[in-house]
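The values are calculated or read from the model by the stated rules, or taken from the named source; none is laboratory data. In this text, all values refer to a predicted model and were calculated from it rather than measured experimentally. Methodologically, a virtual Cβ is constructed for each residue, glycine included, from the backbone with ideal geometry; neighbour enumeration extends over all protein chains shown.
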Amino acid sequence: MEFYVGIDVSLQESSVCIVDRDGKVVRERKVMSDPDALVHALREDGCAAARIGLEAGALSGWLHDGLKEKGFDVVLLETRHVAAAISAMAVKTDRNDARGIAQMLRLGWFKPVHAKSAGAQEIRALLSARKLLTRKRADIDIGMRGILRAFGLKVGRVSRGRFDERLRELVAGNAMLEKAIGAMLEARNAMVRELIELHRTVLRLTRESEVCKRLMTVPGVGPVASLTFVAAVDDPHRFRSSRSLGAHFGLTPRKYQSGEIDLTGHITRAGDASVRTVLYEAANALITLSVKPSGLKSWAMRLVMAQGASKVDVARFGDPARDIALA
């Protein structure tokens with residue numbers, strides 16, 4: 001008999017629901033959120049040949065790879081599709097979510113999600129760590145400025161190289177401020193050192209990648225943007241055409257059509273938000289910072305004059321394959 005397995009993944013335990021080809025629930029249970037535990041439970045229930053569905057999430061990729069290694073037919077389901085389908089249920093529980101996933105899998109009413117390779121996930125982890133440290137360093141800088149402002153001490157405009165020196169000058173003679181600001185500066189300096197090391201790793205990876213080096217020939221595209229894009233695409237062969245990249249990363253217009261109503265809205269914002277961020281920043285750099293003349297910048301500037309810079313930044317990379325194409 002053909003079975004379909006829906007797994008609602010949680011941090012400690014996952015809800016598992018098994019249905020047959022007619023949609024009848026065969027078995028429901030809780031299993032530890034671990035590939036080995038899930039493999040043991042599925043084999044115990046006679047579901048070694050069943051199709052298994054997981055909603056895409058933080059742990060789902062790890063579980064997906066673990067089940068795949070054991071020979072199971074596993075698919076990741078697009079989160080928004082799962083949420084829309086399950087929202088019709090009056091009662092929201094992990095058990096009902098697993099039931100909904102199993103039924104979606106049986107009916108084929110879902111959008112599969114690409115499971116990224118281990119290399120792509122490692123790059124994303126590196127970029128996420130770099131982004132987090134950058135944000136926290138900025139938070140510390142803003143926090144120290146706010147603390148000193150309460151005492152009438154204004155940091156003002158200062159270069160990054162003199163930031164530490166400037167703050168120590170301002171708090172000199174006040175033992176409590178020296179203690180508080182000194183501790184924050186030590187934490188900031190340690191964060192900056194680690195951030196520099198992470199950035200060096202990013203630069204090394206881009207130098208070793210022929211694809212990244214090709215992407216960086218596009219004005220405005222730097223190491224972070226190219227590496228983020230490459231990690232997000234992962235396997236270019238999964239796209240039927242280069243034009244589908246814009247839609248995949250949510251940079252194409254939203255569409256609503258019903259009867260006499262036909263509306264075209266803002267971009268869909270589907271897919272990886274970090275990719276949209278770096279592509280937007282690259283487009284903005286091309287328009288505002290790049291001084292080297294090029295046909296691409298000339299085209300962008302003509303659009304700026306006609307439509308405004310904000311729209312052009314989005315449109316510039318709405319079809320990324322046109323200029324920073326899959327290599």
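Within the range 203-240, work out how many residues are crowded, with 18+ Cβ neighbours inside 10 Å, among the aliphatic types (A, V, I, L, M) and more than 20 Å from Ala283 (Cβ to Cβ).
Qualifying residue count for the region: 1.
Which of the residues spanning the range 11-36 are exposed (fewer than 15 other Cβ atoms within 10 Å of the Cβ) and under 31 Å from the mean Cα position of the chain (by Cα)?
Leu11, Gln12, Met32, Asp36, listed by residue number.
Report whether or not Leu185 is part of a helix (DSSP H, G or I), under 23 Å from the mean Cα position of the chain (by Cα), hydrophobic (A, V, I, L, M, F, W, C) and modelled with pLDDT of 95 or more.
Spelling it out, it is not the case that Leu185 is part of a helix (DSSP H, G or I), under 23 Å from the mean Cα position of the chain (by Cα), hydrophobic (A, V, I, L, M, F, W, C) and modelled with pLDDT of 95 or more.
A quick yes/no check of all residues on (1) surrounded by fewer than 17 Cβ atoms within 10 Å (Cβ to Cβ); (2) in a helix (DSSP H, G or I); (3) under 29 Å from the mean Cα position of the chain (by Cα):
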| position | (1), (2), (3) |
| --- | --- |
| Phe110 | no, no, yes |
| Ala115 | no, no, yes |
| Ala125 | yes, yes, yes |
| Ile142 | yes, yes, yes |
| Leu148 | no, yes, no |
| Val158 | yes, no, no |
| Leu167 | no, yes, no |
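With respect to Val82, is the statement that it is in a strand (DSSP E or B) and either surrounded by 14 or more Cβ atoms within 10 Å (Cβ to Cβ) or not aliphatic (A, V, I, L, M) (or both) true?
Answer is no for this residue.
Select from the range 56-90 the residues that are acidic (Asp, Glu) and either more than 15 Å from Val113 (Cβ to Cβ) or modelled with pLDDT of 90 or more (or both) and list them in ascending order.
Asp65, Glu69, Asp73
Could you list all residues from the range 233-280 that are outside any helix (DSSP H, G or I), aliphatic (A, V, I, L, M) and under 20 Å from Ala120 (Cα atoms)?
Ala270
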